[in-house]
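Only one structure is covered here, and it is reproduced in the block below.
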Amino acid sequence: MSDRTRSAITLHANGDARALTVDNRRTLLDALRDDLGLTGAKKGCDHGQCGACTVLVNGRRVVSCLTLAAAADGSEVTTVEGLAGADRLSPLQEAFVRLDGLQCGFCTPGQLCSATAVLAEHAAGWPSAATRPDRPYAPGRPTPALDAAEIRERMSGNLCRCGAYPQIVRAVLEAARDTAAEHAHTPETGAADLEESHA
Amino acid sequence: MKIPAPQHSGAVGVARPRLEAPDKVAGKARYAADAAVPGSAFGYVVTAPVARGRVRHIDSEAVRGMPGVVGVLDHRNAPRLNPEAGNFFGPDGSLRLLQDDAIPYAGRPVALVVAETFEQARTAAAALRIDYATATHDTGFAADHPSARPASTAFGPDAEIGDVEAELAASAVIVDERYRTPEQHGAAMEPHSATAWWEDGRLQVLDCNQGPFTMAMTLAVLLRLDPAQVRIRAEHVGGGFGSKSMLGPHLVLAAMATTVLDRPVRVTLTRAQVFQTVAMRPATEQRLRIGADTDGRLRALHHEAAFAGSPIAEYVENCPEPSKVLYAAPAIRTRLTTVPLDILPPYSVRGPGLTPGSFALESAMDEVAERLGMDPVDVRLRNEPAAGPVTGLPFRGRNLAACLHEGARRFAWHTRDHRPRRRREGGLLIGTGMAATCFSTGALPSSATITAETDGTYTVAIGASDIGTGARTALTAIAADALDVGPERIRLRIADSDLGLAWAAGGSRGTTSWAWAITMAAAELRAAAPATRPFTVSADTSEAFAALPYAERHAYSAVFTQVAVDPATGEIRVRRLLGVFAVGRIVNPLLARSQAVGGLITGLSTALHEDGTRDRVTGRNANPDFAGYHIAAHADVPGIEAHFVPDHDPDDPSGIKGIGEIGTVGTAAAIANAVWHATGTRQRTLPLRLDRVLEPGRTEGDLPVR
Ligand code: FES
Ligand code: FES
C-alpha cells in the first residue's frame, strides 16, 4: 500500500511478477537485492560509476543504483539470475567460465548483463565511438561484426579491478560469434583479434 | 617431520576453470553483503570532515527519534577497545574507533547510526549534527619534511655495502634523479561489508577479508575476547589487493554495534568511505643514484625512499627492496624514511613497496642504459648477481635472466632502435620500454585438517580465503595430488576462522602457505594408512617453517610494452603489454595467467590513471570515487600477454611461489620508459598524466622528430 513515503509497485523480475511496497528512496538495486533476494546485482559504488549493478530494464541496460525502484514499476527486469536458460547457462555465461572472464566475480553480474545488452545493441545496428568509418552501420547493409575494439568501447562502463578485461572481451567475442553463427552470419573477425600480431 | 614427495595424480599443472565460476556467473555466489541475516539492522558510518581536531558535541538525541533509528554509537557509549590491538607492524590506532573525541585524520569514523533499513540509517546519519573543534593539520608530504624519521626495520635494516661515494666518483656515468608516486588505493570492486551478531556466547561475523583467521585473532584482542569466542567467515570476497588484509572499520563498528544493541548489525561502507577509511598505499618520494662503468657494470646503487605515514600506526612501504635484490654492485646503500602526517595510516596495496620502488629503480636503470647508449636489457643481464647482493645468501630459483631473454625474444626487442623520438604514425609518437622486477616469496605458518571420509572422498579444511586469486581451485588440485586422488574427490572448506591457524591472502604468500599445510597433512594421512574411516589428521607448518634455511626467495618478471603518445593532447595509449614471469611451479595455468594479466593491468592503471589526491586546505581525499580516482577500464587495456618460464622453489614441497603481486610491480617503469622512448622526455612522477606529457603549442602536423 502506498502513502507519502512508500509506493506499491510490481516488478516483473526474471519473468516473475513480484508485488512489493518500497520506500520511495529505494533504488532498483536495493529493491532487487534486499526485497526480492536477487543479490546477483552488486553495489560497487551506488553512483553510476562502476557498472556492477547493471541489469536489463525492458531489454535495455541500466545502472540499477541510479534507478529508483518506484520508477521501474511495471517493468521487465532481467538480472544475472535470469540470464541462464532453464537447464543451462547462456553462451555468454559459459564463455566466461571456460575462458576465465572473472576473478573475484564481483563485477561479473554487471559485465554479463552489460555484454548481453551489447550483443543486442549491436544486432540492432547501434554504432559506437569505436565503429570504424569504413564499416558503417547503415540500413540495408549487413551489420559489421563486433571486434575487440568495439567490445572494449561498449563495455567501458563496467569496471573490473581484478583486471579480467582481456578474458571478458574474448568471452564476449566468442559469444558474439556463436550468436552470429545462429543467425547464419559469418563474422569477419573473432577472438584472433586479441592475439595481436606484432611482427 | 620429513615430507615425502607427493605422488602427483596430475591435477597440478592442468588448466581448469575456477570451481566457483558457475555460481559466480549465475549470481548465486554469496558475498558479505548478500546474505540475509534475520533481524539485521543497518549501520551507516559517519566520518569526520576535519583532518585534525576533536568532536565537541554530537547531537545524537535529535536523531534517535527519527523513523526506524535503533541506536547511535559514538565515543560516549561505544564499548572500550584494547589499545594493544594492531596489525603486522604493531598497535594500530585506526582500529580504536569511537574511543575518544580526538580526530587524527579526515574521514575518521566518529559515529555509527543504526536503523531498521539502509535508507533510514542514511537519512538519520545525514541529519546527525556534530560540532568539531578544528586544529591545524599537516597533510603535505615531502621527503624533507621536518617530521621525517627513519622507518621501522620490520623488513630488515638499511643496506650499507661498500663505499658508495668512492664508487660513484670512479663511475663513467652517473644517474641521480628523484621519482614521485601518489597515494594509490586498492579499490576492490566490493565495498567493505560486515554483518555481526552474538549467538550462544560467540561473536559471529560475515565479512569480506583476506584472512579470516588473522582477522578473528585481531578482533579478539581488540574486543578483549577469548579467541574461541570469535568466528569470522568470508566465503566469497570481491577483491582485496591489500585493502582487506587488516581489520576494517566496517567490521570494528559492526562488532561494537551488535554488542551494544543486541541484534545483528550490518555495516557496509559507501564507495567514498572505502577511499576515506580503508588504508591506501602512501605517497612516496625517492632518490636514485646509480654509477656505472662504460660496459654497463654497476659500481654504486643508492636508493633513498620516503613515504607518508601516520603517528598512530607503524607501516613500512619497503621501496628499496628491489635495489637489495636485483643487481650486483660493489657499493649498495638504501635508506628508508617515513613522514608522519595527519592522514589515515597507510597499509599494503598490491605489490607493497616494490610497486613504487621498482618504478624508481627501473626508470633509473633505463637512464643508465640511455647514458651508456646500451640496450636496457643488456644492462640488466650484465649485473646478474651470483648471491644476494646485500645478504650474500644463496638465491632459491633465480630466473630473471630467463624472463629477460624470453620477453625480448617474444617482443622482437632486438629490432629496437634504442634512440628516443624516432618513430611516428601520423600525429603519434611510438616507443617501447621494459623493466625487470622481483617480489619476495615464501610461506608462513598455517595448519590444515584432512578427513578421509567413508565414501572415499576427502574433506580438506584450511583457513584460506579466495579473494579472486583462484585459491579454492588451486588448493583442490594440490590436495588431489598430495592424496593421489582425482580432484573430484576433494571437498575443500575454506574462509572460516574456525578452521585454525592460517596465513592470509597477502604478501604473495597465501597459496604457498596453505598448500604447504595441505601437503603436510596429506603426507601424514597417507603415512597413517588408516584402516577405518572417517579418519582425521591435522598438520601445522610452524616447525617446518622455522627450520627453513635462510635464502633469497623471490619471484621475477620482465615487462615489455609499446605505447603511442599524442603530444598534442598528452594521451598515452598502451598498445602492447607483455610480461614474462618466473613464479615457481604453476598450479593452474588458466587461473595463473589471469592473475598475472590482472597484475599487469593494475600496473598499467598505476602508470596512467591512479592519482590519490589530498586537498591541502581540508586534508581530505579530493577524489574519493571512480569519477575522480580513475582505474583502467576496458578501453584502456589492449590484449595482454603473460608467459611463464620454468621455475620452482626447491625448499617448497609444491615448488610454488606467488603470483599475486609481481604482475603489478615493474609495469609502471616499463610504460614510463616507453614514453621516454617515444617522446625523448623522462617522466619521473606517476601517474603519467596528460598535463605532464602534453607538449604545449603542439598541433597535428607540427611534430618534429629529432
Ligand atoms: S553500483 Fe551502480 S554503477 Fe556502481
Ligand atoms: S572479477 Fe573482480 S572486479 Fe572483476
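Per residue of peptide B:635-646, the mean number of Cβ atoms on other chains within 10 Å of the residue Cβ is 4. In percent, how large is the relative contact order of chain B, given Cα pairs closer than 8 Å and 6 or more residues apart? Once normalised by length, the contact order is 17 percent.
Looking at region A:1-102, the trypsin sites (Lys or Arg not before Pro) that sit in a DSSP loop and have at most 11 other Cβ atoms within 10 Å of their own Cβ are A:Arg4, A:Arg88. Placing +1 on each Lys and Arg Cβ and -1 on each Asp and Glu Cβ, with no other charges, gives the protein assembly as shown a dipole about its Cα centre of roughly 540 debye. Close amide H pairs (under 5 Å, H built 1.01 Å from N) link B:Arg423 with B:Ile430, residues at least 5 positions away or on another chain.
Once the partner protein chains are put back, region B:23-53 shows a loss of at least 40 square angstrom of accessible area, versus the chain by itself, at B:Lys24, B:Val25, B:Ala26, B:Gly27, B:Tyr31, B:Asp34 (probe 1.4 Å, ligands and nucleic acids excluded). Write down Rg/Rh for the protein assembly as shown, rounded to two decimals, with Rg from the C-alpha atoms and Rh from the Kirkwood relation over Cα pairs. Radius of gyration relative to Kirkwood radius: 0.96. Karplus-based coupling profile of region B:101-112, in residue order and whole Hz: 8, 6, 10, x, 6, 5, x, 4, x, 10, 7, 10, with θ = phi - 60° in 6.51 cos²θ - 1.76 cosθ + 1.60 and x standing for Gly or Pro.
The value for region B:636-685 of Rg(Cα) / (2.2 N^0.38 Å) is 1.64.
Extents of region A:91-194, largest first, come to 42, 26, 22 Å (Cα atoms, principal axes, whole angstrom). Let's test the formula: R0 of 56 Å, r as the Cβ-Cβ distance of A:Glu76 and B:Arg489. What FRET efficiency results, to the nearest 0.05? Given R0 = 56 Å and the Cβ-Cβ separation, E is 0.80.
Counted over the protein assembly as shown, the DSSP beta bridges are approximately 75% antiparallel. Using the alpha carbons alone, the radius of gyration of chain A stands to its Kirkwood radius in an Rg to Rh ratio of 1.01. Grouping the Cα pair distances of region B:410-480 into 10 Å bins from zero gives a pair-distance distribution of 12, 26, 16, 13, 17, 11, 5, 0 percent in increasing distance order. Pairs spanning more than 22 Å between alpha-carbon atoms, out of B:Lys28/B:Lys657; B:Lys24/B:Lys244; A:Lys43/B:Lys657; A:Lys42/B:Lys657: B:Lys28/B:Lys657; A:Lys43/B:Lys657; A:Lys42/B:Lys657. Scanning chain A for GluC sites (Glu not before Pro) lying in DSSP loops with no more than 16 further Cβ atoms inside 10 Å, the longest uninterrupted stretch between such sites is A:1-187.
Do you know the relative contact order of region A:91-194, to the nearest whole percent, from alpha carbon pairs under 8 angstrom that are 6+ apart? It rounds to 39 percent for region A:91-194. Using R₀ = 56 Å, calculate the FRET efficiency as 1/(1 + (r/R₀)^6) where r is the Cβ-Cβ separation of B:Thr569 and B:Glu61; round to 0.05. Once rounded, the FRET efficiency stands at 0.50.
Quick check for you: with a 1.4 Å probe and neighbouring chains kept, what is the accessible area per residue of region A:91-194, in Å²? About 36 Å² of surface per residue is accessible. The distance from the alpha carbon centre of region B:164-180 to that of region B:29-87 is 53 Å, rounded to a whole number. With K and R counted +1 and D and E -1, the other residues having a Cβ less than 11 Å from that of B:Pro389 yield a net charge of -1.
With a cut-off of 15 Å on the backbone N, the residues of region A:44-75 near the modelled label site 7 Å out from A:Arg6 along Cα-Cβ are A:70. Label-to-label distance for B:Val14 and B:Thr457 is 1.8 nm, based on points extended 7 Å past Cα in the beta-carbon direction. By the Stokes-Einstein formula, at 1.567 mPa s and 4 °C, region B:362-424 with its Kirkwood radius over alpha-carbon pairs has D equal to 96 µm²/s. Extending 7 Å from the Cα toward the beta-carbon at both B:Ala169 and B:Leu690 defines two label points whose distance is 5.0 nm. Per-residue 3J(HN,Hα) values for region A:121-127, derived from phi via the Karplus relation 6.51 cos²θ - 1.76 cosθ + 1.60 with θ = phi - 60°, read 5, 5, 4, 7, x, 7, x Hz in sequence order (x marks Gly and Pro). Treating each Cα of chain B as one equal point scatterer and applying the Debye formula with no solvent, the log10 of I(q)/I(0) at q = 0.05, 0.06 Å⁻¹ comes out as -0.25, -0.36. Reported to the nearest whole Å, the Cα centre-to-centre distance from region B:387-433 to region A:76-154 is 36.
Karplus-derived 3J(HN,Hα) values for region A:64-79, using 6.51 cos²θ - 1.76 cosθ + 1.60 with θ = phi - 60°, are 6, 6, 9, 10, 6, 4, 4, 6, 9, 3, x, 7, 7, 10, 10, 10 Hz; glycine and proline are entered as x.
Max-minus-min Cα coordinates of region B:493-549 on each principal axis give 40, 30, 14 Å, with the largest extent listed first. The charge dipole of region B:543-592, taken about its Cα centre with unit charges on the Cβ atoms of Lys, Arg (+1), Asp and Glu (-1) only, comes to about 200 debye. Close amide H contacts of B:Thr441 (hydrogens built in the peptide plane, cut-off under 5 Å, sequence separation of 5 or more or a different chain): B:Arg553, B:His554, B:Ala555.
Taking only the alpha-carbon positions of region B:136-239 and ignoring solvent, what does the Debye formula give for the base-10 log of I(q)/I(0) at q = 0.13, 0.14, 0.19 Å⁻¹? Result of the Debye calculation: -0.83, -0.88, -1.07. Compared with the dominant Cα axis of chain A, that is its longest principal axis, helix A:165-182 is turned about 80°. In terms of the mean number of neighbouring beta-carbon atoms within 10 Å, the peptides A:157-170, B:525-538, B:588-601 order highest first as A:157-170, B:588-601, B:525-538. Here the label points at A:Trp126 and B:Gln99, each 7 Å from Cα along the C-beta direction, are separated by 5.3 nm in the simple model. B:Ala127 label point, 7 Å along Cα→Cβ, cut-off 17 Å on backbone N: hits in region B:56-78? Counting backbone N atoms under 17 Å from the label point, the list is B:58-73. Positive end of the dipole of region A:91-194 (Cβ unit charges, origin at the Cα centre): among A:Thr116, A:Leu159, A:Ala176, the Cα lying farthest that way belongs to A:Leu159.
The values are calculated or read from the model by the stated rules, or taken from the named source; none is laboratory data. These numbers come from a predicted model, not from an experiment. Cβ atoms come from the backbone with ideal geometry, glycine included; neighbour counts cover every protein chain shown. Just the protein is used for accessible areas: all its heavy atoms, side chains included, with ligands, DNA and RNA removed. Shrake-Rupley method; radii C 1.70, N 1.55, O 1.52, S 1.80 Å.
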